[in-house]
1. Kindly establish whether residue 150 is charged (D, E, K, R), within 16 Å of the ligand (Cβ to nearest atom) and over 18 Å from residue 240 (Cβ atoms).
2. Return the pair list, or none, for Cβ contacts closer than 9 Å from residues in the range 123-148 that are of a type outside the set (Ser, Thr, Tyr) to residues that are at pLDDT below 95 and more than 16 Å from the ligand (Cβ to nearest atom), at least 6 apart or on different chains.
3. Only residues that are within 16 Å of the ligand (Cβ to nearest atom) and in contact with a strand residue (DSSP E or B) (Cβ under 6 Å, 6 or more places away or on another chain): list them for the range 231-253, please.
4. It is to be established whether one or more residues within the range 370-377 are surrounded by fewer than 20 Cβ atoms within 10 Å (Cβ to Cβ) and under 23 Å from the mean Cα position of the chain (by Cα).
5. So, of the residues in the range 155-189 that are aliphatic (A, V, I, L, M) and closer than 27 Å to residue 131 by Cβ, which turns out to be surrounded by the most Cβ atoms within 10 Å (Cβ to Cβ)?
6. Out of the helices (runs of 4 or more DSSP H) lying entirely within the range 190-302, which hold 2 or more residues that are surrounded by 24 or more Cβ atoms within 10 Å (Cβ to Cβ)?
Amino acid sequence: VIAYKNFFENALSSLKEEGKYRYFNKIVRERGNFPYAIHYKGDQKNQITVWCSNDYLNMGENPSVIQAMIQAIEQAGTGAGGTRNISGSTYYHDLLERELADLHNKEAALVFTSGYVANEAALSTLAGKLPGCVVFSDEKNHASMIQGIRFSKAEKRIFRHNDSQHLEMLLKQFPKEQPKIIAFESVYSMDGDKAPLKRFIELAKEYNALTYLDEVHAVGLYGEQGGGIAQKLGLEKEVDIIQGTLGKAFGIIGGYIAASSAIVDFVRSFASSFIFTTALPPAIVAGALESVRYLRSHKGIRPVLQERVSYIKQKLDEANFFYFNSITHIIPLLIGEAHLCKAFSDRLLNVHHIYSQAINYPTVPVGTERLRITPTPAHTPEMIDHLVEALKEVREFFTEKRSYGT
Ligand SMILES: Cc1ncc(COP(=O)(O)O)c(C=O)c1O
């Protein structure tokens, strides 16, 4: 018989020994005061600066979004009260889906409880139901896409990260008439690099494949109205399914797909994790709607973020830090070892009151542990200077003990 308790405890001990155990830092943001937040540690409360938030454009404290949420909660109460099919669909859901379809220049959109669920639901349904479908998946795709593909039980081929030649080699191995989906991200969340979108679309056309594009780290941030990289490159119409989140640049929670009416209706009609779960609360949906509208019309916010990104990269270059080949707002600073990565992050927090969470396996491969720095428009040049000085101090502190990847 298995000793259950030992099994679980031993597994956790190994995680700790390997430096892969996940410690949560308890922080509470203060509305109107971002990127400052309060860090709760035992009896202590310290003000810290957050440098690892996915609330990329500070929409989490946007007054018009907050107002829209308060109004909706006063009107409709808290929860949706049911699944989308059974009493949980509101007027707000309908408006949000129409807004998202419009944002991405698509016929329709469908909202899910998170970006994770959107990927899992859409990919498992599409790849699972298309007869004989083969999925071509970038090796760095997010866990939610991987899970969706797994659930579909479709045949799959993994292509080397952003490598169109490898993708083509794999596509060639299947008859043209066989259904195919190419699944990839526009902006990779842990490396900050971008997919060769135009080339992937060309290949999809040549080999008769659908394209499934995760724009989670691009929506709100890129493109004239914040429609993502496909919008920025004028390729929205060419991508078959665009997936996004309402939880990062839009600052709330939820996920979605935007596509043709037939594809959206198909997923709506067959996806288990869409059908059998309570709908997002009306206040969440009303807030998301306001956030999407706000970011579509307030175009000036995106260049401010890019200015901050250029400034921080310049400072990191001057200080000789290595941050992968990031060409976006995501700046991954290589540390290269799990224990050191955590110690680095802890010292930043405890000594310098800077919060940048250590990113370890399985989020990134072993040996590439990193800090993932995400500036926002609220991070001033002075805060950036402070961050870089702190990083230098921590690097010096640990260089005396061992070397790491700078
Ligand atoms: C590339 C990618 N896709 C999907 C998701 C899931 O989105 P959400 O956080 O809304 O569930 C994430 C979240 O980290 C992500 O990085």
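The values are calculated or read from the model by the stated rules, or taken from the named source; none is laboratory data. Quick caveat, the model's predicted, so the values are computed rather than measured. Neighbour counts run over all protein chains shown; Cβ positions are idealised from the backbone, glycine included.
1. Yes; evaluated as a whole, the condition is true for this residue.
2. none
3. 239, 241, 242, 243, 244, 245
4. Yes: one or more hits.
5. Looking at residues that are aliphatic (A, V, I, L, M) and closer than 27 Å to residue 131 by Cβ, I get 183.
6. 229-232, 282-297
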